[in-house]
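**Q** This structure is in structure tokens; I'll ask about it shortly.
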């Protein structure tokens, strides 16, 4: 019978000449140093002690639940002041900026504080949301999707916005005119394919998306998909191999294996 | 000279052999011997698999609480949920027996990988909804420390089901709760997708969220990795026999029933005559297209026809073809998974105007499931004409490749079988999904694990999918089967 977890390498270091027991091992691995060394020490210990393993899992879960906590819906504000104010409060709490119709941008200051003057704007729709760099995720979009007259949405460099979030944007189709996804690390061309619901879109920024496999080709396909929209993205010639032996052919991509 | 002959004489014994090699062994040989000695010592120490008589590392354990027959996505999903829901941690020993570790004929990896919520049976919708939730949060469910996160390459492009006049009424009765589906008329369809020819289409149902397609191989590998880290044992072998015991019992109404209980599973090792009897408490039949054969081994269906003993598990192999073609003028990035009223379907694959598609043959033209050879004439005769009629751009296409896979086809009502058998009381089924097993696998795995651990379904009530419906004749007919 094969043991499920092969920790047989525990034997070898103990039998090596230089180390004596577990205390000796930690002398071998430098406690300070860069983060990678620190991570591998935690991993090293977690492989051998159940307590350390549980601690590491707990830290991971805490990190995940922090993001969840940031994206919780503010139902009490929604009930009292309406969806526009609740959405604005949600964005301001995350560190983004909001603009109501006919007013100026409302931003939190360096320390994250913002004035609560907008609480009286219950019937004024929110026109623009700047959520750049915020930790908004799939659950957090609930608050944004209630803003029915949203015209401009900036999700630049949001670390948790991915293809699933993009598929949720279709309720804003009748009003959304400007969308920016520049720099989101988890957005790929598969999520961009479901932006075709946004028929009112006039400006789309899909530059600098590291998860997109062929940026130039994707931009061309998105332009074809949304004919009345101006798409800012990678240069279409990027990724084309131009050499004396290879002529630039049509835009068919690589054939899947 | 005399010494050498004496030594040769001694060499015939086991002791002599050691002496002989020691004498004959040079310094070059010593490294090989050192690693051999190290390996031997490591296997002797606790945790190793040393058997003083012979090497048993390839054999399954002699006993296991749960034996899961079949290591595809359904089997691994059941293993995952059993390990996740068990109390206390590490209480149950689970063994997954899979005869083909390359998964060359498994339905999971040959699948087109679609997931949808447009079903007519409410339980199917709930199963799909939970599964899509699982896939969205896959890195929370299947996280293994220090391994890279999984990317199942999900395309959220949705499903577009087209219905003719006949099917329009059925489509309107599709379950709506929980599924974000919008019904479209032919004009709306033409506005949205100008490349569709809406002749013959009375109604279209478009799923906008929670629907699309993904990479099933990635899900399988993710499950396998996680399940191994949770301590599930894997064995490369084939189940050839069940040893069971019978109890003659009387029901409340005085009827005599013969209840069987499987005690041992004989697992035959790949490419060998060796087999290992594994004592088990519970057997889970997740063998996919071959579940019918596994059920027969357990004696299900051996009785006079028309009785519960004589009711076989109606799951059989059905071969389906999938074709990959290239069409440069074809529909663009927004193409959903389109299903024609004729049963033909296609979806976009990648960015290079490649499309995957196929069609389910009718009962009369079912191909022989003996092998996985592809019939290209089937594409010319049955798949291409409706495709070209529905999407005129597909009149000029070029088939790049094709493959065939099996459906675990439930001939009774094309819906899954979940739960224990009424007579063989410790065999649980998780099979028979006829083409939509992959998209319901996470939820079905949880349901079977709940049934095994608690005795009843807790989150999704799948009592209409139990085996007893084959005897009582209550069909749970799903109208939207591709």
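FYI, it's all coordinate maths here, none of it is from the lab. Since we're looking at a predicted model, the values are computed, not measured. Virtual Cβ from ideal backbone geometry, glycine too; neighbours counted across all protein chains shown.
**Q** What order do you get for B:116, B:30, B:390 when you list them from fewest to most C-beta neighbours inside 10 Å?
**A** B:30, B:390, B:116
**Q** Additional query: For peptide B:333-340, what's the mean number of Cβ atoms from other chains within 10 Å of each residue's Cβ?
**A** Mean partner shielding for this stretch: 4.
**Q** With a ≥ b ≥ c the root eigenvalues of the C-alpha gyration tensor of the stretch B:325-414, is it rounded (a/c under 1.5), prolate (a/b larger than b/c) or oblate?
**A** Because a/c hits 1.5 or more and a/b exceeds b/c, the stretch B:325-414 counts as prolate.
**Q** Using a 7 Å offset from Cα along Cα-Cβ at residue B:173, what residues in the stretch B:450-482 end up with backbone N under 12 Å from the label point?
**A** Residues B:477-480 qualify, since their backbone N sits under 12 Å from the label point.
**Q** I need the calculated FRET efficiency for the pair residue B:456 and residue B:257, taking r as the beta carbon distance and R₀ as 22 Å, to the nearest 0.05.
**A** Computed FRET efficiency for residue B:456 and residue B:257 comes out at 0.55.
**Q** Calculate the FRET efficiency for residue B:396 and residue B:188 from the Cβ-Cβ distance with a Förster distance of 35 Å, rounded to the nearest 0.05.
**A** 0.80
**Q** For a label point 7 angstrom out from the Cα of residue B:425 toward its Cβ, which stretches of the stretch B:304-321 have the backbone nitrogen within less than 20 Å?
**A** Only B:308-311 pass the distance filter.
**Q** Next question. Of A:116, B:219, A:121, A:41, how do they rank once you tally other Cβ atoms within 10 Å and put the fewest first?
**A** Ascending number of Cβ neighbours within 10 Å: A:116, A:41, A:121, B:219.
**Q** Arrange the following residues from fewest to most other Cβ atoms within 10 Å of their Cβ: B:34, B:451.
**A** Least to most surrounded, the residues fall as B:34, B:451.
**Q** Taking every pair of distinct Cα atoms and averaging 1/r, then inverting, what Kirkwood hydrodynamic radius in Å comes out for the stretch A:155-224?
**A** It works out to 11.9 Å.
**Q** Is there a simple number for the mean count of other chain Cβ atoms within 10 Å of the Cβ of residues in A:208-220, and what is it?
**A** Mean number of neighbouring Cβ atoms from other chains: 1.
**Q** Just subtract the alpha-carbon distance of residue B:164 and residue B:302 from 0.36 nm times their residue separation and send over the number in nm, one decimal.
**A** Extra length available between residue B:164 and residue B:302 comes to 45.4 nm.
**Q** Something else now. Mind checking the angle between helix B:14-24 and chain B's longest principal axis? C-alpha axes, 0 to 90 degrees, to the nearest 10.
**A** 90 degrees
**Q** Taking chain B as the reference, fit the longest principal axis to its C-alpha atoms, fit the long axis of helix B:122-136 to the helix C-alpha atoms, and give the angle between the two in degrees, 0 to 90, nearest 10.
**A** Around 60 degrees separate the two axes.
**Q** While we're looking at this one, here's another question. Residue A:54 label point, 7 Å along Cα→Cβ, cut-off 12 Å on backbone N: hits in the stretch B:81-95?
**A** Counting only backbone N, you get B:89.
**Q** Still on this model: By how many nm would the segment from residue A:139 to residue A:43 grow when fully extended, if each residue of separation counts as 0.36 nm and the alpha-carbon distance is taken off?
**A** 31.4 nm
**Q** May I ask for the angle, rounded to the nearest 10°, between helix B:27-44 and the longest principal axis of chain B, with both axes built from Cα atoms and the value confined to 0 to 90°?
**A** Tilt relative to chain B: about 70 degrees.
**Q** Residue by residue through B:151-162, how many Cβ atoms from other chains fall within 10 Å of the Cβ on average?
**A** Across B:151-162, the average partner-chain Cβ count within 10 Å equals 4.
**Q** Could you sort the peptides B:310-317, B:186-193, B:425-432 by per-residue average Cβ neighbour count (10 Å cutoff), highest mean leading?
**A** With the highest mean Cβ count within 10 Å placed first, the list reads B:425-432, B:310-317, B:186-193.
**Q** Another question, if that's okay. At a Förster radius of 35 Å, what calculated FRET efficiency corresponds to the Cβ-Cβ distance of residue B:248 and residue B:91, to the nearest 0.05?
**A** The pair residue B:248/residue B:91 has a calculated efficiency of 0.60.
**Q** Hey, another quick one. What do you get when you divide the Cα radius of gyration of the stretch B:215-306 by 2.2 N^0.38 Å, with N the number of residues?
**A** Taking N as the residue count of the stretch B:215-306, the ratio is 1.40.
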